[in-house]
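What follows is a set of notes on a single structure, which appears directly below.
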Amino acid sequence: QVQLVESGGGLVQAGGSLELSCADSGRTFGGHAMAWFRQAPGNERTFVATIAWSGGFTYYADSVKGRFTISRDSAKNTVYLQMTSLKSEDTGVYFCAAHPLFPKTNYREYKNWGQGTQVTVSS
């Protein structure tokens, strides 16, 4: 069973960088597509980025394309989200999620979630 734990969130100034990590302690990470979503207060959870189980396919929301990079290290059962040129609108709780088949952009299609990590970008 996938058990996800996010880390790496924090407070950063606009224009700065952060790297989020999501580790799977359940050790079934290898066969799953992974994704990052974020949620601002009062808003629905929105798609940020996704990566196939092989790492050979990635897809990004338009709002983060060119600034964020998703990657995975199967040996460490960990997926990363490198975030650069951060903007105030990137503020929110960032969640990672696992899908047993394919990368998805709709949060309703994911059953396995981490607890989230807060990212706050000050302007």
Under 18 Å Cα-Cα from K104, which lysines qualify once same-chain neighbours fewer than 8 residues away are excluded? K65
Quick check: the distance between the Cα centres of the stretch 18-77 and the stretch 78-123, to the nearest angstrom? 6 Å
Quick one: in the stretch 1-92, what % of C-alpha pairs are over 22 Å apart? 26 percent
Taking all protein chains as present, what is the carbon and sulfur share of the accessible area of the chain, in % to the nearest whole number, probe 1.4 Å? 50 percent
Could you state the accessible area per residue of the chain in Å², with a 1.4 Å probe and every protein chain left in place? 50 Å²
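The values are calculated or read from the model by the stated rules, or taken from the named source; none is laboratory data. The structure displayed is predicted, hence computed values, not measured ones. All accessible areas refer to the heavy atoms of the entire protein, side chains included, with ligands and DNA or RNA removed. Shrake-Rupley method; radii C 1.70, N 1.55, O 1.52, S 1.80 Å.
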